[in-house]
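The structure appears right after this line, and notes come after that.
The values are calculated or read from the model by the stated rules, or taken from the named source; none is laboratory data. It should be emphasised that the depicted structure is a prediction, and the values quoted were computed from it without experimental measurement. Here the Cβ is made from the backbone with ideal geometry for all residues, glycine too, and neighbour counts use every protein chain on show.
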Amino acid sequence: MDLTTIIINYNTSHLLHKCINSLRNAALNISMNIVIVDNASSDDSVSVLQQDFADCDLIVNNSNIGFGRANNQCIPFIKGMYVLLLNTDAFVSVDTINKTIRYMDDNQSCGVLGVRLLGREGDLQPSCRFFPTPLNIFLQRTGFKKFFPKTQLIDDMTWDHNTARECDWVPGCYYLIRQEVVEKVGLFDPRYFLYYEEVDHCFAAKKAGWEVHYFPDTSVVHIGGESAKSDSDLTSSGKQVEVLQIESELLFFCKNHGGLAVFGHVLLLTLADMIFFCKNVMKGRFNSSFTDPIKHGFVVWSLYFKTHFANTSTR
């Protein structure tokens, strides 16, 4: 078997046909098995999958266990030399599968591969990223990058996107992994409910001696955010997604850089919030967002303690 493709679905039945059909059209000359996990969707996803994609391996969860844990459920079904993690809101080009597998065949040191990501209107999305650090997140939030010109931000869009290159990590919407990497470092840390799974996985793969590459010679259209939009729990008050992002960020820094690093990160986030609040006061911005920096700081510190200093997940 050449390829095992893993798809995690959550309330995106309207995208399943386009996603899976485009995948199959791109893999006509590739031996492939598809494993799909439905994460307790409330729409008609399960019936669509059972009726129209009965030849795929299907796992139906009774509750939403998170993106990383759902991917981990598929490990026993892996048969291919390569493993592709594909979002339901990501649509591959007809040449994507063949070109990316050929690139991996030709570059044996490459353990994880990402491609050029395009938005709905063809706009280039961040496709090749640097690892987050407490400093570059602080500089990105505050706009103080001009004082630290040599510091790499997570998303640097200034380089030539037409050239294949090694990078720190690639987004998980199209995430091609060598099976040997899965055998050696596994898939995702189950502590991440959502966000930072692929950042942490790429960090582990590179630590184990593999390279992460960006491949520009094919593209994937990535709509983005479809699952989150379908969940009233995630979208209510507009804050739950941000909470999940902050929590995963804290967990990542503690796991990979230690307690002092995560504490420094919390302090820098607090400093950034203080700067934003002072700006609001000085500019007289006494509107509905006036206290947002204070609320953000409260969430950060609350999660820091709820996660036992960024050691355990809250979900």
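Here the range 18-39 is the region considered, the condition is being in a helix (DSSP H, G or I) and under 18 Å from T4 (Cα atoms), and the residue that is farthest from the chain's Cα centre (by Cα) is N25. Against the condition at positive phi and either at pLDDT 95 or above or small (G, A, S) (or both), how does H308 come out, does it pass? So H308 fits the description; yes.
Would you be able to say whether some residue in the range 4-15 is at positive phi, in contact (Cβ under 8 Å) with a residue 60 or more places away in the chain and either among the hydrophobic types (A, V, I, L, M, F, W, C) or assigned by TED's automatic domain parsing to the domain that holds Q179 (or both)? Break it down stepwise before answering.
Looking only at the range 4-15, we keep the residues that are at positive phi, and these are 11.
Now drop any that are not in contact (Cβ under 8 Å) with a residue 60 or more places away in the chain, which leaves 11.
From the residues that got through so far, the ones that are either among the hydrophobic types (A, V, I, L, M, F, W, C) or assigned by TED's automatic domain parsing to the domain that holds Q179 (or both) too are 11.
For the range 4-15, residues at positive phi, in contact (Cβ under 8 Å) with a residue 60 or more places away in the chain and either among the hydrophobic types (A, V, I, L, M, F, W, C) or assigned by TED's automatic domain parsing to the domain that holds Q179 (or both): present.
Determine whether L153 is assigned to a strand (DSSP E or B) and either at pLDDT below 95 or within 19 Å of the chain's Cα centre (by Cα) (or both). Walk me through how you get there before you give the answer.
On the way: assigned to a strand (DSSP E or B): no; either at pLDDT below 95 or within 19 Å of the chain's Cα centre (by Cα) (or both): yes.
Spelling it out, it is not the case that L153 is assigned to a strand (DSSP E or B) and either at pLDDT below 95 or within 19 Å of the chain's Cα centre (by Cα) (or both).
Among the conditions (1) touching a Phe, Trp or Tyr at 6+ places or on another chain (Cβ under 9 Å); (2) not in a helix (DSSP H, G or I), the only one that N162 does not satisfy is (1).
Here's the yes/no breakdown for (1) within 13 Å of the chain's Cα centre (by Cα); (2) modelled with pLDDT under 95:
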residue	(1), (2)
G225	yes, yes
Q240	no, yes
K255	no, no
A261	no, no
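The residues of the range 14-61 that are over 23 Å from I75 (Cα atoms) and of a type in the set (V, I, T) amount to a single one, V48. Counting only strands (runs of 3 or more DSSP E) that sit wholly inside the range 82-139, those with at least 2 residues that are under 20 Å from the mean Cα position of the chain (by Cα), touching a residue at least 24 places away in the same chain (Cβ under 8 Å) and over 17 Å from S31 (Cα atoms) are 90-92, 110-118.
Screening the range 170-211 for residues that are more than 24 Å from S313 (Cα to Cα) and β-branched (V, I, T) and picking the one that is farthest from the chain's Cα centre (by Cα) gives V181.
Regarding N33, is this residue over 27 Å from R191 (Cβ atoms) and either free of Cβ contacts under 8 Å to residues at least 60 places away in the same chain or not assigned by TED's automatic domain parsing to the domain that holds A205 (or both)?
Values: over 27 Å from R191 (Cβ atoms): yes; either free of Cβ contacts under 8 Å to residues at least 60 places away in the same chain or not assigned by TED's automatic domain parsing to the domain that holds A205 (or both): yes.
Considered against the rule, which asks whether it is over 27 Å from R191 (Cβ atoms) and either free of Cβ contacts under 8 Å to residues at least 60 places away in the same chain or not assigned by TED's automatic domain parsing to the domain that holds A205 (or both), N33 comes out as yes.
Can you name the residue in the range 40-50 that is surrounded by 13 or more Cβ atoms within 10 Å (Cβ to Cβ) and either of a type in the set (F, W, Y) or not in a loop (DSSP other than H, G, I, E, B) (or both) and, of all such residues, is nearest to the chain's Cα centre (by Cα)? Step by step, filter the range 40-50, then rank; the result is S45. Filtered by the rule that a residue be under 21 Å from D200 (Cα atoms), part of a helix (DSSP H, G or I) and either out of contact with any Leu (no Cβ under 9 Å at 6 or more places or on another chain) or among the hydrophobic types (A, V, I, L, M, F, W, C) (or both), the range 51-81 gives F67, R69, A70, I75. You will find that of N98, N61, N107, N71, the residue that is at pLDDT 95 or above, in contact with a strand residue (DSSP E or B) (Cβ under 7 Å, 6 or more places away or on another chain) and more than 27 Å from P190 (Cα to Cα) is N107 and no other.
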